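Report on the following structure.
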Amino acid sequence: MKGYRIADASLFREGERKVLWARGRMPVLAKIVERGESERPLAGVTVGACLHLEAKTACLLLALKELGAEVAAAGSNPLSTQDDVCAYLVREGVAVFSWRGMSGGEYFENLESVLDRSPEILVDDGADLVVTAHEKYPELLPRVRGGSEETTTGVRRLKAMMDQGVLAFPLISVNDARSKFLFDNRYGTGQSVFDGLMRATNVLIAGKVFVVAGYGWCGRGVAMRAKGFGARVVVVETDPHRAFEALMDGCQVCDMMEAASVGDLFLTLTGNRDVIREEHFRVMKDGAILGNAGHFDVEIDKAALERLSKEVFEARDNVTTYVLGDGRRISLLAQGRLVNLAAGDGHPIEIMDLSFGLQLGSVLHLAENRLPPGVYDVPGEIDADVVRTALEARGIRLEAPTREQEEYLRQWRE
Ligand code: ADE
């Protein structure tokens, strides 16, 4: 069994620079490692990961190693893997199976290479590793102590597995921790989407009509930042409370049919499929730009766009322009894959420090505790510890309630 499969091992120096830059800005990860380094609580444990393999993720994987684990990792999206980072990880002893631009078939082969190493703990982003383990590795399932899941779509899939009674081990939903969704989904996506969009297109946001499909935590963050850049924001939602919240936040709210004809820039973050489809392409303005920040590339119906086009060309890196029958041009970013990771570096470092602090804390929790199959919240102490450490690292002291205040809150007589 070959120890790794990556694009080019000679790229390690550039990968090292990126990782060192990130590492110095991840105090939460550093603190968790510092606490456990001497005892090496993960000694003898193999951790299998399916994550976006960029510099911050490398810091998580190296932290797992420092705590004693053997680590094998595959990329969680064919376009989010950074080859130089993978080269550095391999040099540091992580078994990496991934490269940017891998095909769908290669993507799943790489997940299998990770599972072939019989990991006891899985760290997943999108649930493909966990699903592949269930579908193709039945003999492995009883030996898996558990896993942790990073993202909304992954948690949705795991809950569906649990509801259908097929989930074979415990999974911790990092995504549902307050230290995750309040910051990563909102401020992380709110920044990284614009990083990817701007790098890919070099267009101005101000003065544009910016359509945000999905007003969950990620959509809220993107809408907030789009407004800050001077765009007029239109929100498309299926959930009435979220739609009303968008309205109260000052956005225009309508259905996609109406939004399609007025939008200049479109961003999907719904976690659902076919959010922008043929009837919408038919009414879009010439020059419309479409991107996705949902986990899978299913939100924009690429096949329909191709069907409607008489010509398709690569206008820039990460920009594909479709020329429709009547000459209108619609451009799709990063093939409809996560624009923030395919055309950028993903969320900012300080944000991933929190999210990966939760991942690392969850792995340690799974190593120390036997849990029955199910989807679990991150233990409250870990969630609180992550955000406290992040505050401490910034020199911010919390106000401590006085004894009288604590007592007051326990009383019901005024
Ligand atoms: N970097 C690594 N994982 C990421 C994620 N899930 N979202 C954004 N940036 C990331």
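The values are calculated or read from the model by the stated rules, or taken from the named source; none is laboratory data. Since the model is a prediction, treat every value here as computed from it, not as a measurement. Please note: Cβ atoms are built from the backbone with ideal geometry, for glycine as well, and neighbour counts cover all protein chains shown.
Within segment 154-199, the set of residues being within 11 Å of the ligand (Cβ to nearest atom) and either without any contact (Cβ under 8 Å) to a residue 60 or more places away in the chain or surrounded by 20 or more Cβ atoms within 10 Å (Cβ to Cβ) (or both) comprises GLY154, VAL174, ASN175, LYS180, ASP184, ASN185, GLY188, THR189, SER192, VAL193, GLY196. Residues of segment 102-151 that are more than 16 Å from the ligand (Cβ to nearest atom), surrounded by 15 or more Cβ atoms within 10 Å (Cβ to Cβ), within 19 Å of VAL166 (Cα to Cα) and charged (D, E, K, R): GLU120, ARG145. Taking segment 26-37 as the range and being within 16 Å of the ligand (Cβ to nearest atom) and part of a helix (DSSP H, G or I) as the test, the residues that pass are VAL28, LEU29.
What do you reckon, is LEU305 more than 19 Å from VAL236 (Cβ to Cβ) and outside any strand (DSSP E or B)?
In short, no.
Cβ-Cβ distances below 7 Å connect the following pairs, each with a first residue in segment 273-291 that is free of Cβ contacts under 8 Å to residues at least 24 places away in the same chain, a second residue that is surrounded by fewer than 22 Cβ atoms within 10 Å (Cβ to Cβ), and a separation of six or more residues or different chains: GLU279/MET257. Being part of a loop (DSSP other than H, G, I, E, B) and touching a residue at least 40 places away in the same chain (Cβ under 8 Å) is a property that does not hold for ARG40. In the list GLY15, GLY68, GLY48, GLY44, which residue meets the criterion of being within 18 Å of ARG145 (Cβ to Cβ) and either within 16 Å of the ligand (Cβ to nearest atom) or within 18 Å of the chain's Cα centre (by Cα) (or both)? So the residue among GLY15, GLY68, GLY48, GLY44 that is within 18 Å of ARG145 (Cβ to Cβ) and either within 16 Å of the ligand (Cβ to nearest atom) or within 18 Å of the chain's Cα centre (by Cα) (or both) is GLY48. Among the residues of segment 326-343, at least one is without any contact (Cβ under 8 Å) to a residue 40 or more places away in the chain and within 30 Å of ASN202 (Cα to Cα).
GLU37 falls short on exactly one of the conditions (1) in contact with a Cys (Cβ under 8 Å, 6 or more places away or on another chain); (2) modelled with pLDDT under 95, and that condition is (1). When segment 325-355 is limited to residues that are over 16 Å from ILE300 (Cα atoms) and away from the ligand (no atom under 16 Å from the Cβ), the one that is surrounded by the most Cβ atoms within 10 Å (Cβ to Cβ) turns out to be ARG328.
Taking segment 141-167 as the range and being basic (Lys, Arg) and either outside any helix (DSSP H, G or I) or within 25 Å of GLY294 (Cα to Cα) (or both) as the test, the residues that pass are ARG145, ARG156, ARG157, LYS159.
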